[in-house]
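Enquirer: Structure provided below as C-alpha cells; questions to follow.
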Amino acid sequence: MSVVSRAAGECQAPIAGCSPWYATKVSSSQQRRGRHRADGTKRAEILAAATERFGRDGYETTKWAAIAADVGVGPTALYHYFESKQHCLFVILDDAVQMALARFEGIAATHEDPVQALHKVVADAFDVTSHDVQRLRVLVAEHGLLAVRRSSPREEEARHVARARTRALELAWAHLLEQAMEPGAIPDAEPRMLARAVLGLYNSVWQWYRPHGAIELDAVSDFYRTRMLELIGLPADLDEARAA
C-alpha cells in the first residue's frame with residue numbers, strides 16, 4: 001500500500017469488529033490519565049494519613065507500616081510515592097508552609113492598607129481545620145530537620161523546597177511589617193526579627209493545642225491574636241488601629 005492509500009485507509013470507517021488506530025490511542029491516553037489520577041489520589045491519602053499519625057503520635061514513633069495499613073496498601077507500595085518516611089515528612093512540611101504562604105499572599109495582595117492586611121492575616125492564621133492543626137503540629141515539631149542536608153537526592157530536593165518556602169513566608173511577613181513601619185503605623189524595628197518573633201509566638205500554639213481538647217480554638221485565637229498584634233505594635237481593634 002502506498003503512503004497515500006494507507007493514509008486514506010486510516011481515515012475510512014473501521015471494519016466491524018476491529019478497533020481503529022485512533023480509538024486505540026485515545027484508549028491508551030485515557031488509561032494513562034486514569035492511572036495518574038489514581039496515583040494522585042493515593043498519594044494524597046498517604047499524606048493525609050501520615051499527617052494524622054505524625055501529629056497525633058509523633059514522627060519518630062510512627063511506623064511506616066502503620067501508615068501503609070491506614071491507607072490499605074502494603075508497606076513496599078509506599079515507596080512508589082515516597083522514597084522514605086522522611087521524604088514524606090518533608091512534603092508535609094512544605095504543604096503546611098505552602099498553604100500559609102498562599103493565604104498570606106492572597107490577603108496582602110487584596111488589602112492596600114498594611115494595617116488592615118496585618119489584622120486580616122493574623123485572624124486568618126487561626127482559621128484552620130482539625131487536619132490543618134495536625135499539619136501545623138508536625139511543622140512545629142519537626143521544622144529543625146529542614147536544616148540537615150540529606151544524602152538522598154529526592155529527600156534533599158524535598159527538604160530544599162520546604163526550607164526555601166519557609167524563608168519566603170518569613171520574608172513576606174517582614175515585607176508587610178516594613179510597609180506598616182514606613183508611614184509610622186507601627187513602631188520601627190528590624191522587620192525580619194519582628195517577623196520571626198510573631199511567627200514564633202504563633203507557632204508556639206501548635207506545641208500544646210489539641211483539636212477537641214479542653215480549650216476551644218476560638219478562645220486560643222482571641223488570646224493569641226491580641227498578643228501577636230500587641231507584639232507588632234497594633235491594638236486588637238482594627239478601627240482603633242486606623243485611628244491611631
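The values are calculated or read from the model by the stated rules, or taken from the named source; none is laboratory data. Since this is a predicted model, take the numbers as computed values, not measurements. Here Cβ is always computed from backbone atoms with ideal geometry, including for glycine, and neighbour counts include all displayed protein chains.
Enquirer: So which pairs qualify, if the first residue must be in segment 205-226 and farther than 14 Å from residue 128 by Cα, the second must be assigned to a loop (DSSP other than H, G, I, E, B), the Cβ gap must be under 6 Å, and the two must be at least 6 apart or on different chains?
Expert: Within 6 Å, the pairs are 226/236.
Enquirer: OK, next. Give segment 114-139 a look and list any residue that's under 29 Å from residue 57 (Cβ atoms), touching a residue at least 40 places away in the same chain (Cβ under 8 Å) and buried (at least 16 other Cβ atoms within 10 Å of the Cβ), or say none.
Expert: Correct list: 125, 126, 128, 133, 134, 135, 136, 137, 138, 139.
Enquirer: Listed residues 169, 194, 145; which is under 18 Å from residue 103 (Cα atoms) and surrounded by 15 or more Cβ atoms within 10 Å (Cβ to Cβ)?
Expert: Only one candidate qualifies: 169.
Enquirer: Let me ask something additional. In a helix (DSSP H, G or I) and over 24 Å from residue 227 (Cα atoms): which single residue out of 116, 98, 134 fits that description?
Expert: Unique residue meeting the criteria: 98.
Enquirer: Then there is this: For the structure I just gave you, tell me whether residue 236 is out of contact with any Gly (no Cβ under 7 Å at 6 or more places or on another chain), part of a loop (DSSP other than H, G, I, E, B), within 19 Å of residue 127 (Cβ to Cβ) and among the aliphatic types (A, V, I, L, M).
Expert: yes
Enquirer: Just one of the numbered conditions (1) closer than 21 Å to residue 175 by Cα; (2) modelled with pLDDT under 95 is not true of residue 228; which one?
Expert: All conditions pass for residue 228, except number (2).
Enquirer: If you scan segment 100-113, which residues turn out to be surrounded by fewer than 16 Cβ atoms within 10 Å (Cβ to Cβ) and either in contact (Cβ under 8 Å) with a residue 40 or more places away in the chain or hydrophobic (A, V, I, L, M, F, W, C) (or both)?
Expert: Once the filter is applied, which keeps residues that are surrounded by fewer than 16 Cβ atoms within 10 Å (Cβ to Cβ) and either in contact (Cβ under 8 Å) with a residue 40 or more places away in the chain or hydrophobic (A, V, I, L, M, F, W, C) (or both), segment 100-113 yields 102, 105, 109.
Enquirer: Among the residues of segment 148-159, how many are buried (at least 16 other Cβ atoms within 10 Å of the Cβ) and of a type in the set (Gly, Ala, Ser)?
Expert: Total satisfying the criteria: 1.
Enquirer: I need the full set of residues from segment 58-86 which are assigned to a helix (DSSP H, G or I) and under 14 Å from residue 139 (Cα atoms), in order please.
Expert: Within segment 58-86, 86 is the sole residue that qualifies.
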